[in-house]
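Undergrad: One structure is given below, represented as structure tokens, and several questions about it will come after.
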Amino acid sequence: MTTQRLHITGLNKAFTLHAQGGIHLPVLDTLNLSIDDGECVVIEGPSGQGKSTLLKLIHANYRATSGAIALRRSNDEWIDVVQASEPELLDIRQNDIGYVSQFLRVIPRISALDVVAEPLLDMWQPNHGDKSAREQALSAARDEAKLWLAKLRIPESLWSLPPATFSGGEQQRINIARSLIRPRPLMLLDEPTASLDKANAETVVELILALRSTGCAVLGIFHDTEVRERVATRKVSISQLRSAV
Ligand SMILES: Nc1ncnc2c1ncn2[C@@H]1O[C@H](COP(=O)(O)OP(=O)(O)O)[C@@H](O)[C@H]1O
Ligand SMILES: [Mg+2]
């Protein structure tokens with residue numbers, strides 16, 4: 001039996017460019033898309049067609065102009081992301097949707113190790129419990145983060161440094177580790193292998209296949225044709241998504 005995870009209907013997004021005299025820029029028009037658990041849907045299409053915008057709308061970094069983004073939450077209740085309140089969105093990003101953005105948002109002074117460990121600590125609500133319980137949780141999260149940094153071939157000499165000065169590919173791998181350390185039922189991946197060498201791209205492909213096999217629903221954009229062929233259970237072009245029920 002297949003379980004639907006995401007059901008998008010009639011999604012529209014236009015940007016209003018206030019700095020350019022209020023120019024109206026339509027990007028997505030009447031887009032429909034459904035994704036089941038265990039699927040890896042790859043969005044194809046030329047640059048500038050709204051692929052990244054679609055992922056940002058689902059993660060609600062951007063708010064839709066109109067339409068519905070129905071998401072089955074971890075507790076099996078459905079919610080429309082377009083209508084969700086800010087507290088609901090924080091909860092959705094915590095528990096229901098994981099997102100690997102194209103660029104790492106670097107937090108000054110936080111080490112690579114803690115950037116990767118942090119999503120596990122959200123889950124354990126570090127403000128609860130006594131000091132020793134919190135220290136134990138932190139140490140367990142750091143141990144897990146070390147495994148991910150090693151898996152993604154980040155040299156140990158970098159683990160204690162903030163990623164601000166890392167190379168593009170190193171930052172991308174930190175970003176991937178930070179998201180995949182705590183997979184959510186729906187994972188959004190925006191060109192996760194774009195600046196990676198072959199060995200690391202292969203590792204990321206294997207991690208995506210593992211996500212799929214555990215029943216996660218994956219929606220991704222991949223620059224590399226070979227990567228696309230390996231991970232996709234279904235490919236859709238962004239232009240075809242418009243009005244394709
Ligand atoms: N925050 C924004 N403000 C204004 N225009 C934007 C914004 N984000 C994206 N766009 C525009 O939306 C279009 C689609 O962009 P994007 O979704 O990044 O395309 P893709 O990922 O397919 O290359 C582009 O024309 C881009 O300039
Ligand atoms: Mg893009």
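Any read-out appearing in this document is the output of simple, stated calculations on the displayed coordinates, not a laboratory observation. Note that the structure is predicted; figures quoted are calculated from it, not measured. Counting neighbours? That spans all protein chains shown, and the Cβs are built from the backbone with ideal geometry, glycine included.
Undergrad: Check which residues have an amide H placed less than 5 Å from residue 73's amide H, if you skip close sequence neighbours.
TA: 78, 79
Undergrad: Taking only DSSP H segments of four or more residues, each worth -39500 (n - 2.57), what value at 222 nm results for the chain once the sum is divided by all its residues, to the nearest 500 deg cm²/dmol?
TA: Computed ellipticity for the chain at 222 nm equals -11500 deg cm²/dmol.
Undergrad: So what J values fall out for the stretch 138-153 if you push phi through Karplus, 6.51 cos²θ - 1.76 cosθ + 1.60 with θ = phi - 60°, rounded to Hz, Gly and Pro as x?
TA: Using θ = phi - 60°, the values come out as 5, 5, 5, 5, 5, 4, 5, 4, 4, 4, 5, 5, 5, 4, 9, 6 Hz.
Undergrad: When a footprinting reagent is the concern and you count Cβ atoms within 10 Å, what order do 42, 218 take, fewest first?
TA: Ranking 42, 218 by Cβ neighbours within 10 Å, fewest first, gives 42, 218.
Undergrad: Would you pull out the residues with amide H under 5 Å of residue 184's amide H, same chain only if 5 or more places away, H placed 1.01 Å from N?
TA: 98
Undergrad: Output wanted: per-residue J couplings in Hz (rounded whole) for the stretch 40-55, from phi through Karplus 6.51 cos²θ - 1.76 cosθ + 1.60, θ = phi - 60°, x for Gly and Pro.
TA: Karplus-based 3J(HN,Hα) across the stretch 40-55 equals 10, 8, 9, 9, 10, x, x, 4, x, 8, x, 5, 5, 4, 4, 5 Hz.
Undergrad: In vacuo Debye scattering of the chain, one point per C-alpha: log10 I(q)/I(0) at q = 0.10 Å⁻¹?
TA: Taking Cα atoms of the chain as identical point scatterers yields -0.50.
Undergrad: Gain in length, residue 68 to residue 23, computed as 0.36 nm per residue apart minus the alpha-carbon separation, to one decimal in nm?
TA: 13.7 nm
Undergrad: Taking loop as defined by DSSP and a crowding limit of 13 other beta carbons within 10 Å, which trypsin sites (Lys or Arg not before Pro) in the stretch 96-167 fit?
TA: Working: sites: 105, 109, 131, 134, 142, 146, 151, 153; in loops: 105, 109, 153.
Hits after loop and neighbour filter: 105, 109.
Undergrad: Describe numerically, in nm with one decimal, the distance between label points set 7 Å from Cα along Cα→Cβ at residue 224 and at residue 237.
TA: In this crude label model, residue 224 to residue 237 measures out at 2.4 nm.
Undergrad: Would you mind checking which residues have amide H under 5 Å from residue 67's amide H? H placed 1.01 Å from N; only 5 or more apart, or other chain.
TA: 12
Undergrad: Explain nothing, just compute: Karplus ³J(HN,Hα) = 6.51 cos²θ - 1.76 cosθ + 1.60, θ = phi - 60°, for every residue of the stretch 108-121 in order, whole Hz, x for Gly and Pro.
TA: Using θ = phi - 60°, the values come out as x, 6, 8, 5, 3, 4, 6, 4, 6, 6, 4, x, 6, 6 Hz.
Undergrad: Apply 1/(1 + (r/R0)^6) to the Cβ-Cβ distance of residue 134 and residue 80, taking R0 = 35 Å, and write down the FRET efficiency to the nearest 0.05.
TA: Computed FRET efficiency for residue 134 and residue 80 comes out at 0.45.
Undergrad: Between the stretch 17-72 and the stretch 183-241, what is the separation of their alpha carbon centroids in Å?
TA: Spelled out, the Cα-based centre of one part sits 18 Å from the other.
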